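**Student:** Before I ask anything, here is the structure I am working with.
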Amino acid sequence: MASHVFDEPPPSYQSARADDEEYVPEEALSAPKYERFRFGLSEWRDAGFALAFLFQLALVFISVAIAGKRLYAEGAFSQPYEDSTSISFMKLFGFIGVISALSIGSAYIYLSVMQQRLTEVMTLSYWFFQISAACFTVVIMATAKSFKAAILPVLGMIIVIWYYYLIRDRIPLANSMIHATLQAAKELPALIPVVLTVALIQIGWQLVWFFLATAVGVANGYISAGRADTVVANESYGAVTIVMLFLSYYWTSAVISNIAHVTSAGAIASWWLLPPHTRGGVVPNSLRRACTTSLGSICFGSLILALIQTLRALLSLFKRDNEEEQTIAQCIAECLLDCLERITRIVNYYAFTYVAIYGDSFITAAGKVSDLFERHHFNSLINDDISELPLILGRFVVALIAGGAAALWVTVGHGSVVGASGTIPLGAYVLVAAILGFVISGSVFSVVSSGVTTTYVLWAESPEELAAVQRPFYAEIAKQTQVLHYK
């Protein structure tokens, strides 16, 4: 018997009024379930972490204002001298803006294609992943300097290929959950625009942080900008400032991404649980909860992840500056931090789903995640792995489009973002644009990831509630679950 999603087959809800898809049982209108999606009844959770986050964000913008005034006075925003290798901020921001807009549009089109051709896209993405992994394995074997250097990476890739081969029977179940999520996004037309807006805010934060990091780099003499002198301050920034700069970047980036996740999860949960006539304003209400009463919980979990990422970034900087003095302890520390970051990402993602659905504090939500994993083991993670396949393919497609657009940007007259004496290879522009497209499309596709995770949590916690309102989609998921159970 193949492994299955739950220990028991799902209950059947085909009895009363099964032929009436619009029928809503009385239990679907129960007050507790409805009230937890009402913004006015939400309670504030982990408020201290929200205040700490807003305080550090205010410090960042104050620092940007001070640094901007100083750099402007020094000529950093002027066009670089013809014989300069300094950065042109105007061209750089224009380049990033065009690539970002194109990436968002391409990602939105890809979601539309998924809605129309989900089965075909999933099949294509599955074989794309398997063939790509096999090719990568061959490349490792061909380029490795020795057999010992190749054995571990090759073994790892073989395990990944075999893993996805073993779980291929779960593809129909993943499709059913993705199908429900895409339908929810269609019936909640405000959801994707909200996610796109959050993606734009994320882009804006990247630009703000890049500007501040550039100011720190100029002040320390690492880089020059415009017509500014290499050093525009009498003193350089110390190590504490660099650490806080990294922490602020990771913390704020995580908070913005998780606000999008909590908003999507809350809105899609309301689609599953609330009758159509009670769904008015669920997306704005979900966004308001994510930005107010649940913001503290989001900041709490995001801070834990940001601290780990900051430690990894500092360790990477230390390794780069001391390449000849690397020790086994450094390698072990890097490996441990990598594993810890991966685990924290998974726990956070599910914890924020509980925060969105039930309005829990972060600690309470994390405890529920622990219970979920204890009851259902790795089934939720396997479901996530399969559901991500078409989204990974989509991110590569958007990355290719962004890279091609970057090549056109440079060759059709916009030129370099540095002075005439500075040269940046065309491949560098393509690579940066591809990375930017890959990251931005991930923000747009997050609505699907959030929806699938929300569906799984609701299915695990209270499947009868899913059957009460969205009976056709419940029946589709139940059917695929029973197929897996009885194999």
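**Student:** Name the single residue, out of those in region 377-395 being surrounded by fewer than 18 Cβ atoms within 10 Å (Cβ to Cβ) and farther than 15 Å from Ser450 by Cα, that is modelled with the lowest pLDDT.
**Tutor:** Of everything passing the filter in region 377-395, Phe378 is modelled with the lowest pLDDT.
**Student:** Also, quick follow-up: Conditions first: (1) over 23 Å from Phe300 (Cα atoms); (2) surrounded by 15 or more Cβ atoms within 10 Å (Cβ to Cβ); (3) among the hydroxyl-bearing types (Ser, Thr, Tyr). Ser316 passes all but one, so which condition is the exception?
**Tutor:** Here Ser316 meets the rest and fails (2).
**Student:** What number of residues within region 313-331 are in a helix (DSSP H, G or I) and either among the hydroxyl-bearing types (Ser, Thr, Tyr) or modelled with pLDDT of 90 or more (or both)?
**Tutor:** 1
**Student:** Tally the residues that are over 27 Å from the mean Cα position of the chain (by Cα) and loosely packed, with under 15 Cβ neighbours inside 10 Å, restricting the search to region 132-173.
**Tutor:** Qualifying residue count for the region: 14.
**Student:** So which of Tyr456, Tyr474 is under 15 Å from Ala184 (Cα atoms), buried (at least 22 other Cβ atoms within 10 Å of the Cβ), touching a residue at least 60 places away in the same chain (Cβ under 8 Å) and over 26 Å from the mean Cα position of the chain (by Cα)?
**Tutor:** Matching residue, one of Tyr456, Tyr474: Tyr474.
**Student:** For Ala267, indicate whether it is buried (at least 23 other Cβ atoms within 10 Å of the Cβ) and either modelled with pLDDT of 85 or more or over 30 Å from Gln130 (Cβ atoms) (or both).
**Tutor:** yes
**Student:** Here's another thing I want to ask about it. Restricting to region 335-394, count the residues that are touching a residue at least 40 places away in the same chain (Cβ under 8 Å) and on the phi > 0 side of the Ramachandran plot.
**Tutor:** 1
**Student:** A further question on this structure: Among the residues of region 346-397, write down those that are in contact with a Ser or Thr (Cβ under 7 Å, 6 or more places away or on another chain) and not in a helix (DSSP H, G or I).
**Tutor:** Gly359, Ser361
**Student:** Return the residue satisfying two criteria in turn: it lies in region 230-252 and is of a type in the set (A, V, I, L, M), at pLDDT 70 or above and surrounded by 14 or more Cβ atoms within 10 Å (Cβ to Cβ), and of such residues it is nearest to Ala306 (Cα to Cα).
**Tutor:** It comes out as Leu247.
**Student:** Condition first: without any contact (Cβ under 8 Å) to a residue 40 or more places away in the chain, in a helix (DSSP H, G or I) and touching a helix residue (DSSP H, G or I) at 6+ places or on another chain (Cβ under 9 Å). Can you find one or more residues in region 286-294 that meet it?
**Tutor:** yes
The values are calculated or read from the model by the stated rules, or taken from the named source; none is laboratory data. Predicted model only: the values in this text are computed from it and were never measured. Please note: Cβ atoms are built from the backbone with ideal geometry, for glycine as well, and neighbour counts cover all protein chains shown.
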